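In what follows, a structure is listed as structure tokens, so that the remarks can point back to it.
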Amino acid sequence: MNTVRLKLRSFTLLYIKGRALSAAPPAVTSSSFPPRRTVFQFFRTMATTNDCNTPETRPPPGLKKAKHKEPLRRVKTKENRGKRGDVHGPSTVYLQVVGAGSRDNAASLYVFSEYNRYLFNCGEGTQRLMQEHKLKAARLDNIFLTRLSWENVGGLSGMILTLKDTGVPECVLSGPPQLEDYLNAIKSFSGPLEEIKLSVRPYTAESYTDETMTVHQVPIFADLRPDGRKPSPKSAGSSPSRSPASPGRDGVHGNSSRGDGRNDRRRATRDNSLVVSFVCKLHPKKGNFLVSEAKALGLPVGTAAIGPLIGALKAGKSVTYEGREIRPEQVCTPTDPGPVFIIVECPSEEFVEAVCSNQQLSRYQTGATEDLAALVVHLTPESVLSTDQYKRWMERFPSTTEHLILNEQVRTFHNVRSHKIQAQLNVIHPDIFPQLKSYQSTEAPAALLVPTVRAECLLKFQLRPVMEWQREAVPSCNTEEFVKEASEVPNFLEEVDKCRKICSADGAELPGKPGEKHPEVVFLGTGSALPMKIRNVSGTLVNISPSQSLLLDCGEGTFGQLCRHYGDAVDDALSKISTVFISHMHADHHTGLLMLLYQRERALTTLGKAFSPVYLVAPVQIMTWLNQYHDYCEEILDHINFIPNKVLVGGGEMPKQRTQSFIQALLKENDLEKFQTCTVRHCKNAYACSFSHRSGWKLAFSGDTMPCDAFVHAGKNATLLIHEATLEDGLEEEAVEKRHSTTSQAIGIGMRMNADFIVLNHFSQRYAKIPLFSGDFDDRVGISFDHMRICFGDFKTLPRLIPALKTLFAEEIGEMEGRREKRELRQPRGSAFEGPAAAAVSRGAKRHQQEAATRSDETKRLKSS
Ligand SMILES: [Zn+2]
Ligand SMILES: [Zn+2]
């Protein structure tokens, strides 16, 4: 019954949106609101949703209520506004920078009005930033994309999954026509996405109007080189030369399914000559009625008679009161006709001519036929800003136009919470928790002819009520403050001191090879489900030697993490990665792959090294996604030599000759004796892996799994086991339901494997700062944090850090233990389902409510993590 009602609400929302549209100002010429859902589709979706809500997966009642409160409120507000006929311009509108265009956080912008929320571009990490800075994704009405490049759309798949999981009924995407294909490509791992209605409004649908503004899409076509290569504005020099028939070309298709004709046809649809600019015009806003002026003129303020008078005056009409004519300007501020802002991406020099000569954009410049632009947002690299043509084009806007620039020249901190926790952990051990770095562009800043503003994370440009820049929200990132805060935690410094003494005593005892820093493991993402402010999703870099690296899983934002870990040395780190293992097709394990591959190509170019594809060891299903993305969106297959996970399972099928040669090359490249995989107990086609180095060490990586015998066998006698421990002890039932392991189960696997050392990772985001420890932690077990860096010589040290860690996070541990106690009181151990609603009962403070909301999203997503 609840489901039916919910779907009816979704339906109402669509209907009301349609009505609001028809009441839009007459100035709007055309509108292409997405086709409304038919009654048939509505019932079909309803049926599907009912299928999904089996008793096993249905969240507890409290959760359901919380989950759907927001959309309902929105529907009601819009309905009321419609009834009042109150469809005119919003009174508060601002544009806010999310990602400022740095190398680790691609440009994205959030636009807020009291009626609507919009996002312009959605690169990897956008969702994480929105979560950290409390910009609610669930309130988004529209996402606009300027170009189909991974930089702009890398975070969209994760964003859509989150919107779906939070119960957002629909999402409209505007921009390049390949968005449709992009969505089809992500369905290869997300499933059918029927619970959310996704519409694409291609650039050919000229304008869109809602309660806040009218958005015109302005397509801009560049005259690109005929080879169809992706423009590479941000990499130095030209692309590395490689054979068009490089080995990755066929992927798993073998020789049969990718005929030349098909490839040509698809290349034609992979058109990267288009960028879409967006011209946004706010609806006019009637002036405010000035009560004191009205009183002074003797109008009947405070009586029923004033209503019609205000209505007429605000509508710009003069009124006669007690024989006197009152003109609107005497008692009302002037009508605001509605400012215009323009978002324009000019990704490379090849687009400069097309942007600068575009007639639609020039209408908003000096001598214009339309309103002058109040703000132009340039998603434009420095190399483009430096061209005379672009500089002159900027100058043609009136002097009142503000210019905001987003590119790699920005100097701003985005992931402040990540910096904070790292600065505090760094106090405990500076080598294991190194300070984060940032990548700084070496390009000289362009000498521009007009004043401009460089983007900063959360910088706002307010369009209404007053047009102004607002910097209050820009986060500060003061390492000294963070350290001071940690030092004020009771007993923390004492514990750190103890820890240091023990470690240095250990150091004296160890026979030790000082300098023995490899293999080195860098944990880039240690959280599950979806990227969150403190823990990003799966990604572990294994630096086998100073020149060889291998990556285990590559969730969204893995490249950003690498960037913040290595700073200016990120190109060097990328250039060493020869091999990527993807355990399974959940979004938290593989959606960062494309960014990693594109950035690796850029790194090789920058360093003047020859390009070579990576060995991609992954489930064969990944090729459906990559092939589709390659065919319709951007070239990617040349970046990989594919080895299906299944051919590395011991006793599995004999690989084809070509795959055999890749396996041999992978082993040689990494100095490995063996690389094997095994299927694990998680979703379909989920794998763990283990590999042995010629020097004798062995590493085993679980991917996501319940305790698994095949993995115990594959990882036998590993030097290091990296095992997922998604949930705490006591949540065994939830672990079975979601097919993950608890802490003790993971440790148990390590014991049976006879691993020298176990590091736990893939923690549920409910354990953002630190997981709960179980009784069986001993000197062979450590926990991971994002950006933790260890070599095998640190195994002895890791358990020594635990008392200091427990002290630093005593408050969080206390809260988690409190929740566990309450849960155990409520439900006898073993039958517990720790729903977020239940947990919420034990928490009152606002911060905890926010965390509960976060956890409810995360708990839903855990099913597919
Ligand atoms: Zn996962
Ligand atoms: Zn998973």
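The values are calculated or read from the model by the stated rules, or taken from the named source; none is laboratory data. Computed from a predicted structure; not experimentally measured. Please note: Cβ atoms are built from the backbone with ideal geometry, for glycine as well, and neighbour counts cover all protein chains shown.
Taken across the range 640-647, residues that are of a type outside the set (Lys, Arg), surrounded by 24 or more Cβ atoms within 10 Å (Cβ to Cβ) and either on the phi > 0 side of the Ramachandran plot or not in a strand (DSSP E or B) (or both) do occur, with at least one present. When the range 718-743 is filtered for residues that are in contact with a helix residue (DSSP H, G or I) (Cβ under 9 Å, 6 or more places away or on another chain) and more than 16 Å from ligand 2 (Cβ to nearest atom), the ones remaining, listed by number, are Ala718, Thr719, Leu720, Leu721, Glu728, Asp729, Gly730, Leu731, Glu732.
Can you name every residue in the range 567-580 that is under 18 Å from Asn670 (Cβ atoms), assigned to a helix (DSSP H, G or I) and in contact with a helix residue (DSSP H, G or I) (Cβ under 9 Å, 6 or more places away or on another chain)? Reasoning before the result, please.
Taking the range 567-580 first, the residues under 18 Å from Asn670 (Cβ atoms) are 572-580.
Adding the requirement that they be assigned to a helix (DSSP H, G or I) leaves 572-576.
Result: Asp572, Ala573, Leu574, Ser575.
Out of Val496, Val483, one residue alone is under 35 Å from the mean Cα position of the chain (by Cα), over 30 Å from Leu163 (Cα atoms) and surrounded by 16 or more Cβ atoms within 10 Å (Cβ to Cβ). It is Val496.
Please indicate, with yes or no, whether at least one residue in the range 852-865 is of a type in the set (Val, Ile, Thr), surrounded by 16 or more Cβ atoms within 10 Å (Cβ to Cβ) and at pLDDT 95 or above. It would help to see each step written out before you state the result.
Initially, the range 852-865 is screened for residues of a type in the set (Val, Ile, Thr), giving 854, 859.
Still in the running and surrounded by 16 or more Cβ atoms within 10 Å (Cβ to Cβ): 854, 859.
Still in the running and at pLDDT 95 or above: none.
Scanning the range 852-865, I find no residue that is of a type in the set (Val, Ile, Thr), surrounded by 16 or more Cβ atoms within 10 Å (Cβ to Cβ) and at pLDDT 95 or above, so the answer is no.
Scanning for something within 16 Å of ligand 1 (Cβ to nearest atom), surrounded by 15 or more Cβ atoms within 10 Å (Cβ to Cβ), at pLDDT 95 or above and assigned to a helix (DSSP H, G or I), does the range 541-560 turn up at least one residue?
Taking the range 541-560 first, the residues within 16 Å of ligand 1 (Cβ to nearest atom) are 551-558.
When the remaining residues are screened for being surrounded by 15 or more Cβ atoms within 10 Å (Cβ to Cβ), the result is 551-558.
Then keep just the ones that are at pLDDT 95 or above; that gives 551-558.
Applying the additional criterion that residues be assigned to a helix (DSSP H, G or I) yields 558.
The answer is yes, given that some residue of the range 541-560 is within 16 Å of ligand 1 (Cβ to nearest atom), surrounded by 15 or more Cβ atoms within 10 Å (Cβ to Cβ), at pLDDT 95 or above and assigned to a helix (DSSP H, G or I).
Here Gly237 meets the list (1) modelled with pLDDT of 95 or more; (2) farther than 29 Å from Asp371 by Cβ almost entirely, failing just condition (1). Kindly check whether there is at least one residue in the range 771-793 that is within 16 Å of ligand 1 (Cβ to nearest atom), within 31 Å of the chain's Cα centre (by Cα), more than 24 Å from Thr677 (Cβ to Cβ) and in a helix (DSSP H, G or I). The answer is no, given that none of the residues of the range 771-793 is within 16 Å of ligand 1 (Cβ to nearest atom), within 31 Å of the chain's Cα centre (by Cα), more than 24 Å from Thr677 (Cβ to Cβ) and in a helix (DSSP H, G or I).
Filtering the range 209-218 to residues that are in contact with a helix residue (DSSP H, G or I) (Cβ under 9 Å, 6 or more places away or on another chain) and not in a loop (DSSP other than H, G, I, E, B) leaves Thr209, His216, Val218. Cβ separations smaller than 7 Å between residues 6+ apart or across chains give the following pairs from the range 657-682 residues that are in the same structural domain as Pro707 (by TED's automatic domain parsing) and among the basic types (Lys, Arg) to residues that are part of a loop (DSSP other than H, G, I, E, B) and within 16 Å of ligand 1 (Cβ to nearest atom): Arg681/Thr705; Arg681/Met706; Arg681/Cys708; Arg681/Arg739. The residues in the range 666-691 that are within 14 Å of ligand 1 (Cβ to nearest atom) and either of a type in the set (A, V, I, L, M) or more than 27 Å from the chain's Cα centre (by Cα) (or both) can be counted, and the count is 4. I'd like to know if the range 258-274 contains one or more residues that are of a type in the set (Ser, Thr, Tyr), within 48 Å of the chain's Cα centre (by Cα) and modelled with pLDDT of 95 or more. Within the range 258-274, not a single residue is of a type in the set (Ser, Thr, Tyr), within 48 Å of the chain's Cα centre (by Cα) and modelled with pLDDT of 95 or more. Answer yes or no as to whether Phe701 is in contact with a Phe, Trp or Tyr (Cβ under 6 Å, 6 or more places away or on another chain) and either within 16 Å of ligand 1 (Cβ to nearest atom) or assigned by TED's automatic domain parsing to the domain that holds Ile582 (or both). Here the answer is no, as Phe701 does not meet what is asked. Of all the residues in the range 735-755, those that are away from ligand 1 (no atom under 16 Å from the Cβ) and either of a type in the set (Gly, Ala, Ser) or at positive phi (or both) number 5. The residue of the range 563-579 that is farthest from ligand 1 (Cβ to nearest atom), among those that are in contact with a Leu (Cβ under 6 Å, 6 or more places away or on another chain) and touching a residue at least 60 places away in the same chain (Cβ under 8 Å), is Val570. Ser578 meets the conditions (1) surrounded by fewer than 24 Cβ atoms within 10 Å (Cβ to Cβ); (2) within 16 Å of ligand 2 (Cβ to nearest atom) in every case but one. The failed one is (2).
Tell me yes or no: at least one residue of the range 614-634 is more than 16 Å from ligand 1 (Cβ to nearest atom), out of contact with any Lys or Arg (no Cβ under 6 Å at 6 or more places or on another chain), closer than 30 Å to Asn152 by Cβ and part of a loop (DSSP other than H, G, I, E, B). Yes, the conditions are met somewhere in the range 614-634. Being assigned by TED's automatic domain parsing to the domain that holds Ile534 and touching an Asp or Glu at 6+ places or on another chain (Cβ under 7 Å) holds for only one residue in Asn761, Asn754, and it is Asn761. Of the helices (runs of 4 or more DSSP H) entirely within the range 136-206, those holding at least 2 residues that are over 15 Å from the mean Cα position of the chain (by Cα) and charged (D, E, K, R) occupy 179-190. Identification of helices (runs of 4 or more DSSP H) wholly contained in the range 694-766 with 3 or more residues that are among the acidic types (Asp, Glu) and under 30 Å from Leu825 (Cβ atoms) yields 732-738.
Listed here are the residues, each with its yes/no results for (1) modelled with pLDDT under 90; (2) not in a helix (DSSP H, G or I).
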| residue | (1), (2) |
| --- | --- |
| Phe278 | no, yes |
| Gly287 | yes, yes |
| Lys295 | no, no |
| Leu299 | no, yes |
| Gly311 | yes, no |
| Glu325 | no, yes |
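Of everything in the range 581-605, what is part of a helix (DSSP H, G or I) and within 16 Å of ligand 2 (Cβ to nearest atom)? Give them in sequence order.
Step one: filter the range 581-605 for residues part of a helix (DSSP H, G or I), giving 587-590, 593-605.
Those that are part of a helix (DSSP H, G or I) and within 16 Å of ligand 2 (Cβ to nearest atom): Ala587, Asp588, His589, His590, Leu593.
How about the range 346-372: which of its residues are touching a residue at least 60 places away in the same chain (Cβ under 8 Å) and outside any loop (DSSP other than H, G, I, E, B)? Across the range 346-372, the qualifying residues are Glu349, Glu350, Phe351, Glu353, Ala354, Val355, Gln360, Leu361.
Residues considered: Gly703, Gly650, Gly730. Of these, the only one that is within 27 Å of the chain's Cα centre (by Cα) and in contact (Cβ under 8 Å) with a residue 60 or more places away in the chain is Gly703. Annotation: Asp553 fulfils all but one of (1) over 14 Å from the mean Cα position of the chain (by Cα); (2) more than 26 Å from Thr624 (Cβ to Cβ); (3) charged (D, E, K, R); the unmet one is (2).
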